[in-house]
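Single-structure report; data block below.
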Amino acid sequence: MAKNIILLGPPGAGKGTQAKRLETGRSMVQLSTGDMLRAAKSSGTEMGKKVAAIMDAGQLVTDEIVIGLIAEQLDRGAAGGFIFDGFPRTLAQADALGALLAAKGTRLDAVIELVVDDEALVGRIVRRAEEAASAGEPVRPDDNPEVFARRLREYYKQTAPLLGYYYAKGGLTQVDGMAAMESVAAEIAKVLDKA
Ligand code: AMP
């Protein structure tokens, strides 16, 4: 049965890594607004130009833009369900997602918080940038300690309130994001199987 889940957690918590594993393992579809925005930015669309500076500064782009991106993708459907990665990031986005899913006759089956240690995150981001550079891949301009600090602040200010929002709805499960990648994946699998 298709399951729709949100992976919540600060930047660098491992949401993208875990989402990719679920895609291959369960025919789920990862919807990462960060990836969609980066694609728009690098292909130089009007929208991409509009968001470039905001993203490079580690700030959030408008709700309207990201909600529009998600609405388009939901229309394509997903056999195994959707994994929302980096969306929603504000309460307005969370409300909009609920409404979009309801309009499609579906809903969220689980919201998983990857719980991580802030100090460790900075290390992960620096490593992510170094690994990309050594593999000859482009380094994200927002993967540096200064911009990362801004992204983390945005997370606490705008996104962390979603933890209370989903907890109150009864669908929030915490997973230790500091564990090894395999254990995190196993914990997420357990949550999905129960949902
Ligand atoms: P991410 O790859 O999820 O870390 O996103 C990279 C950047 O894209 C963020 O720092 C924001 O500038 C922007 N972004 C991604 N998703 C959202 C969202 N749901 N709402 C607002 N801005 C977003």
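Computed from the coordinates by the stated procedures, all read-outs in this text should not be read as laboratory data. Because the structure is a prediction, the values reported are computed rather than measured. Quick reminder, even Gly has a Cβ in these numbers, built from the backbone with ideal geometry, and neighbours come from all protein chains shown.
Is it true that residue 41 is more than 17 Å from the chain's Cα centre (by Cα), buried (at least 17 other Cβ atoms within 10 Å of the Cβ), within 23 Å of residue 144 (Cβ to Cβ) and free of Cβ contacts under 8 Å to residues at least 40 places away in the same chain? Yes: the conditions hold for residue 41. Restricting 113, 64 to residues that are of a type in the set (D, E, K, R), surrounded by fewer than 12 Cβ atoms within 10 Å (Cβ to Cβ) and either more than 22 Å from residue 167 (Cα to Cα) or touching a residue at least 40 places away in the same chain (Cβ under 8 Å) (or both) narrows the list to 64.
Just the residues that are in a helix (DSSP H, G or I), within 25 Å of residue 127 (Cβ to Cβ), of a type outside the set (Val, Ile, Thr) and over 15 Å from the mean Cα position of the chain (by Cα), please, taken from region 139-176. Break it down stepwise before answering.
Filtering region 139-176 for residues in a helix (DSSP H, G or I) gives 145-159, 161-169.
Retained after the next criterion (residues that are within 25 Å of residue 127 (Cβ to Cβ)): 145-156, 159.
Right, trim to of a type outside the set (Val, Ile, Thr) and you get 145-146, 148-156.
Hits for region 139-176 are 145, 146, 148, 149, 150, 153.
Can residue 179 be described as of a type in the set (A, V, I, L, M), part of a helix (DSSP H, G or I) and within 17 Å of residue 17 (Cα to Cα)? Considered against the rule, which asks whether it is of a type in the set (A, V, I, L, M), part of a helix (DSSP H, G or I) and within 17 Å of residue 17 (Cα to Cα), residue 179 comes out as no.
Just checking, how many residues over region 1-20 are of a type in the set (A, V, I, L, M) and either farther than 13 Å from residue 81 by Cα or within 12 Å of the ligand (Cβ to nearest atom) (or both)? Qualifying residue count, region 1-20: 5.
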